[in-house]
Amino acid sequence: MTVDPTVDPTVDPTVDPAQRAVERDVTDRTVASFATAGSARYREVMTGLVEHLHAFVRETRLTEAEWAHAIEFLRRCGDITTGTRQEFILLSDVLGVSMQTIAVNNPVGAEVPGDRRPTDATVFGPFFVDGAPEVPVGGDVAFGAKGVPCWVEGTVTDTSGAPVAGARIEVWEADEDGFYDVQREPAADGGRPPTQGRGHLFSAVDGTYGFWSVLPASYPIPHDGPVGDLLAAASRSPYRPAHIHFMVSGDGLRTLVTHVFVAGDPYLATDAVFGVKDSLVLDFVEQPAGDAPAGRRVEGPWVRTRFDIVLAPSPGAAATSGGNG
Ligand code: BEZ
Ligand code: FE
């Protein structure tokens, strides 16, 4: 491929044309090696990957020592990765690649009027556990987690404003010490630590839901490995602002993976994984001791918040109006 440095922004005009041709040739031959791949999508993705990786090397004039350092970094990511510690996802998170993938796959739908806009998505994170217990609407997913009692309520609707009955609402969160249950010591028999701060419920016929839990705390992402070193080298904080994770699904609707964040948290502007969106920052309003929702009496202060959830139609499916239970 011939390259015109005046049109190709990835070409450094200070690099000698003969040298440039050598560099371009390496890229072209690598791209060509994927030309006969059976799947057009595979070809497209691999061609893009090669073009961007090679452009990165050419533009930064990457040194061999830097390349070796990067390879050693990836080796360390592999070494520390286990079934429960996924350093490569953490790397994707702190490089903003996870949030960029979410942005690409969750169109903002700007044409939908204000409160009917689908709720913003954010990162999944590593602490979801399949099979967390079901609680009824008004139930408590804290299961003894430490923290100020917290009541969360809202509605689940589709983008037409129709209530979504029977939406499955999975929630999980860190306790007031900033730990998820799975980060606690294993049970006495060596099994999983007891379930705390997680569970699922189903929205009622009118699309409403509500549950008790605890006020979450901010916490650092795992930073005792290579990703932690990367953050430290950039003087970046490993902290995430306090949040409660949600995964909400309903028939014919796009499954939403998101969080709600606690307004006023000191790490909102510096979330290590770039997950904060203004629409997801909620007031958790302090309440006095006494009678509280779902027939509960709380002895000390507690907090409450409201999170109304709008689910987008599944790709290829029209939004349904109700009847999703
Ligand atoms: C989390 O919020 O649970 C999380 C997200 C990304 C990386 C680490 C933790
Ligand atoms: Fe989290």
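Quick one: pull the percent of accessible area on the range 112-321 belonging to carbon and sulfur, 1.4 Å probe, ligands and nucleic acids left out.
On the range 112-321, the fraction of accessible area on carbon and sulfur atoms equals 54 percent.
Under the Karplus relation 6.51 cos²θ - 1.76 cosθ + 1.60, θ = phi - 60°, what is the ordered set of whole-Hz ³J(HN,Hα) values for the range 297-305, x standing for Gly and Pro?
10, 10, 6, x, x, 9, 10, 9, 8
List the residues whose amide H sits under 5 Å from the amide H of V148, counting only those 5 or more places along or on another chain, with H placed 1.01 Å from N in the peptide plane.
For V148, whose amide H was placed from the backbone, the distant partners under 5 Å are L215.
Once amide H atoms are placed 1.01 Å from N in the peptide plane, what residues at a sequence separation of 5 or more from I309, or on another chain, have their amide H within under 5 Å of its amide H?
T155, V156, T157
Among the complete DSSP H segments of the chain, which ones combine at least 18 Å of alpha-carbon extent along their axis with a mean Kyte-Doolittle hydropathy of -1.0 or more?
17-32, 40-60, 64-80
Provide the solvent-accessible area of E44, counting protein heavy atoms only and rolling a 1.4 Å probe, rounded to the nearest 10 Å².
110 Å²
Show the residues, 5+ positions off or on another chain, whose built amide H is closer than 5 Å to the amide H of D140.
Answer set, sorted by chain and number: W212.
Select from T159, I102, L74 the residue farthest towards the positive end of the dipole of the chain; place +1 on Cβ of Lys and Arg, -1 on Cβ of Asp and Glu, and compute about the Cα centre.
With unit charges placed on the Cβ atoms, the residue in question is T159.
Leaving out ligands and nucleic acids, note down the accessible area per residue over the chain with a 1.4 angstrom probe, in whole Å².
Value for the chain: 52 Å² per residue.
Roughly what % of Cα-Cα distances in the range 112-321 sit above 30 Å, to the whole percent?
I get 24 percent for the Cα pairs in the range 112-321 exceeding 30 Å.
The values are calculated or read from the model by the stated rules, or taken from the named source; none is laboratory data. No experiment lies behind these values; they were computed from the predicted model shown. A quick note on method: Cβ atoms are made from the backbone with ideal geometry, for glycine too, and the neighbour counts reach across all protein chains shown. When the accessible area is computed, the model is the full protein with side chains, heavy atoms only, and any ligands, DNA or RNA have been set aside. Shrake-Rupley method; radii C 1.70, N 1.55, O 1.52, S 1.80 Å.
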